[in-house]
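The values are calculated or read from the model by the stated rules, or taken from the named source; none is laboratory data. Just so you know, these numbers come straight off a predicted model, no measurement behind them. Virtual Cβ from ideal backbone geometry, glycine too; neighbours counted across all protein chains shown. These accessible areas exclude ligands, DNA and RNA; they are computed on the full protein's heavy atoms, side chains included. Shrake-Rupley method; radii C 1.70, N 1.55, O 1.52, S 1.80 Å.
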Amino acid sequence: MLKKLSTDTINTILIIGVILLVVEIVFFNGGLVFSVLFSGVLMYIGWKNYRPLWRKILFWIGLISLIFTVLSMIAVRFLVIALILMFLRDYFKSKEKPEHIRPEIIEHHQEIPDQEPVLRQKFFGDEATPKTSYEWTDINIHGGFGDRIVDLSQTVLPHDEAVISIRQWMGNLTVYVPYEVEVSIHHSALIGRASIFQYKKSKVLNQVLSYQTDGYRKEKPRVKIITSVVSGELEVKRV
């Protein structure tokens, strides 16, 4: 079921879960943090030397207490309900007749002035390189929530090595690379998917992916892409 979920759906569920957790701790259950820490201390003391009977009892008391504490959280209940609803949705969809999928055209209306960086530091919202020609500068940004799109077909890369470094919490990363440009990719993700040219990985769980074209070390121009996300999808395409 998780493979069928889009990255945007997973990100939305995680964001709502985090918001509910913060609201619960701040406004309704301030002792939640203390309960989790207390259970963790009991488990640590018991696990550190598991042989004596009293340490085994401490460990299991801490574990049971932690499980009940976690299950009592509003955020956890929300995630459980969300998973059940998505399971039911997928089940009923599987009973329906297949629909014809039509291509979706996404238009990006934002344009970055020439004097500003190619991509800006942005905690919320999407960001994309200009649709018109722009002067290239290496990209090194940190983001929060949103999609990032880099189109290298609209710029002239230096006759050496260009660098794209993007690190963010949640969102999709898309890079369009001209055919004559060699590529080196290092991508890490806690949860997500990856599509690099003809290679696809439908599930990335706490992994680091590396890819390099055959002529990267000896041919120019070339670009090094370094990306890192907590939850999101990486897509690298030729244009």
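Quick one: grab the alpha carbon gyration tensor of segment 154-239, order the square roots of its eigenvalues as a ≥ b ≥ c, and give me rounded if a/c is under 1.5, else prolate or oblate depending on whether a/b is larger than b/c. Note, shape of segment 154-239 comes out prolate. Residues whose amide H comes within less than 5 Å of that of T174, counting only those at least five positions distant or on another chain, are R148, I149, V150, E235 (H built at 1.01 Å from N in the peptide plane). For segment 133-148 versus segment 152-204, the inter-centroid distance based on Cα atoms is 12 Å.
Applying 0.36 nm per residue to the separation of K201 and V18 and subtracting their alpha-carbon distance, the gain on full extension is 63.2 nm.
What percentage of the solvent-accessible surface of segment 148-239, computed with a 1.4 Å probe over protein heavy atoms, is contributed by carbon and sulfur atoms?
Details: 2220 of 4470 Å².
C and S atoms contribute 50 percent here.
Packing, as the average of other Cβ atoms within 10 Å across residues, places the peptides 63-76, 217-230 in the order 217-230, 63-76, highest first.
For the residue pairs K131/K237; K131/K224; K122/K200, the alpha carbons lie more than 26 Å apart in K122/K200.
Taking the solvent-accessible surface of protein heavy atoms with a 1.4 Å probe, what is the per residue accessible area of segment 122-238 in Å²? Don't jump to the answer; show the numbers that get you there.
Values: 5860 Å² over 117 residues.
So segment 122-238 comes to 50 Å² accessible per residue, rounded to a whole number.
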